[in-house]
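This report concerns only the one structure given below.
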Amino acid sequence: MNPFVPEVGVPKTEVAFEESTAFERYILSRAAPFFPPSAGGLRIELDNEGTGSATVFVRVNDSSTCPPGQHLTPRDIYPLVFGAAWKILDLLIELRLYQDGMPTDRDDEYTFTRKVGCARSGNVKAKPPFNKPVWAAIAKTYAATAEYRHLLVHGHLPIDPVTGDMTAADSTGRLLQPLTVDEQSAFCRVAEGTAQAVISGQLTRRQANQLKWLLDQLANHHQQPLFNVAAIDGSIPVIVMSGIPDADNEIELDFAALRRRVSAQVADQMHYDLEVHLPDKRILAATLEEAPNRALRFPLDEPLPEWLRWK
């Protein structure tokens, strides 16, 4: 199956949603990634002693690919990317309406007015991996930006040539809250992160916090209570340490002690990536905030805890 050929009609399963949004998600992953790549990095190398030292490396990368003035800026392309992002949320609303048992209107489809109305009134139910507050903000953001999408599709969307802000009026002529460039970016990243969670069926603590922070940037539109979480944009430190299995091929990691050690090296940091290098060159990887805050012993020849993976 061609991953960029969408399924016709309402997506009725998460797999159909994944197939139907393949092209749009590809665009967003390049133009407005949920977790943007960092221009630099912080690497913390720990020895194996509980009170030993740590070596901190800072890596800076040049991410430019062409001279200044010879490439498009985000301001240039966000209106186009916004259309792809809105389509993702539109298909998700269709999926949830179908899963709620709501009959389609015609030709196996829901009308634009019905989808937006259900989202605006809270009649699209929250389903895992989203809780009710997060889903309400997503659905109401979708509804609040519907007029922008409508004008974009029909070629009548005013865009300020200086600021890049979108402006619109509803059917009664009432001016809507402008959608700034920063809000366009947040909207696109919300769509990508939301799609990732729907397809994988899970929302890690880091993903949830990132989604909440981005939704807070859109509060002028969805009008839901703020989540008040910190942004995760920027460099996430990578903790590198060695691990030596015992004779039973088991390893013990003390995550509470690990957190204490790294917090002494990097202040005001909530998120870390962890790499445990084994003698056989394999690497265990985890997001530290997902690990339990205690010592844990586990075998390496059995399925790993869900928050731990082989890299």
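The values are calculated or read from the model by the stated rules, or taken from the named source; none is laboratory data. The shown structure was predicted, so the numbers you read here are calculated from the model rather than taken from an experiment. All Cβ positions, even for glycine, are placed from backbone atoms using ideal geometry, and neighbour counts span all protein chains on display.
For His271, the conditions (1) part of a helix (DSSP H, G or I); (2) touching a strand residue (DSSP E or B) at 6+ places or on another chain (Cβ under 9 Å); (3) farther than 20 Å from Pro129 by Cα all hold with the exception of (1).
Within the set Ala230, Ala257, Ala208, Ala195, the sole residue that is within 30 Å of Ala84 (Cα to Cα) and not assigned by TED's automatic domain parsing to the domain that holds Lys140 turns out to be Ala230. Of the residues making up the stretch 72-118, those that are charged (D, E, K, R) and over 18 Å from Glu19 (Cβ atoms) number 8.
A single entry from Ala137, Ala119 fulfils the requirement of being free of Cβ contacts under 8 Å to residues at least 60 places away in the same chain, buried (at least 20 other Cβ atoms within 10 Å of the Cβ) and not basic (Lys, Arg): Ala119.
Within the stretch 194-211, does at least one residue satisfy the condition of being basic (Lys, Arg) and more than 24 Å from the chain's Cα centre (by Cα)? No: the stretch 194-211 contains no residue that is basic (Lys, Arg) and more than 24 Å from the chain's Cα centre (by Cα). Just one of the listed residues (Leu152, Leu157, Leu97) is in the same structural domain as Asn209 (by TED's automatic domain parsing), in contact with a strand residue (DSSP E or B) (Cβ under 7 Å, 6 or more places away or on another chain) and surrounded by fewer than 22 Cβ atoms within 10 Å (Cβ to Cβ), and it is Leu157. Filtering the stretch 222-232 to residues that are in contact with a Lys or Arg (Cβ under 8 Å, 6 or more places away or on another chain) and in contact (Cβ under 8 Å) with a residue 40 or more places away in the chain leaves His222, Gln223, Gln224, Phe227, Ile232. Return the residues of the stretch 116-157 that are β-branched (Val, Ile, Thr), assigned to a helix (DSSP H, G or I), modelled with pLDDT of 95 or more and within 17 Å of Tyr78 (Cα to Cα); say none if nothing qualifies. Of everything in the stretch 116-157, just one residue is β-branched (Val, Ile, Thr), assigned to a helix (DSSP H, G or I), modelled with pLDDT of 95 or more and within 17 Å of Tyr78 (Cα to Cα), namely Thr141.
Among residues of the stretch 160-185 being free of Cβ contacts under 8 Å to residues at least 40 places away in the same chain and part of a strand (DSSP E or B), the one that is surrounded by the most Cβ atoms within 10 Å (Cβ to Cβ) is Ala169. With the condition kept exactly as written, say whether any residue in the stretch 276-289 is part of a helix (DSSP H, G or I), out of contact with any Ser or Thr (no Cβ under 6 Å at 6 or more places or on another chain) and not assigned by TED's automatic domain parsing to the domain that holds Ala137. So far as the stretch 276-289 goes, yes, one or more of its residues are part of a helix (DSSP H, G or I), out of contact with any Ser or Thr (no Cβ under 6 Å at 6 or more places or on another chain) and not assigned by TED's automatic domain parsing to the domain that holds Ala137. Scan the stretch 212-231 and tell me whether some residue there is exposed (fewer than 15 other Cβ atoms within 10 Å of the Cβ) and modelled with pLDDT under 90. Yes, because at least one residue in the stretch 212-231 is exposed (fewer than 15 other Cβ atoms within 10 Å of the Cβ) and modelled with pLDDT under 90. Can we say Thr113 is within 19 Å of the chain's Cα centre (by Cα) and either under 23 Å from Phe35 (Cα atoms) or part of a helix (DSSP H, G or I) (or both)? For Thr113, the condition - within 19 Å of the chain's Cα centre (by Cα) and either under 23 Å from Phe35 (Cα atoms) or part of a helix (DSSP H, G or I) (or both) - is not met. Against the definition (at pLDDT below 95 and closer than 30 Å to Glu252 by Cα), how does Asp108 come out, yes or no? When the stated conditions are applied, Asp108 does not pass them. Out of everything in the stretch 202-240 that is charged (D, E, K, R) and outside any loop (DSSP other than H, G, I, E, B), what residue ends up being farthest from Asp268 (Cα to Cα)? Residue satisfying both the conditions and the ranking: Asp216.
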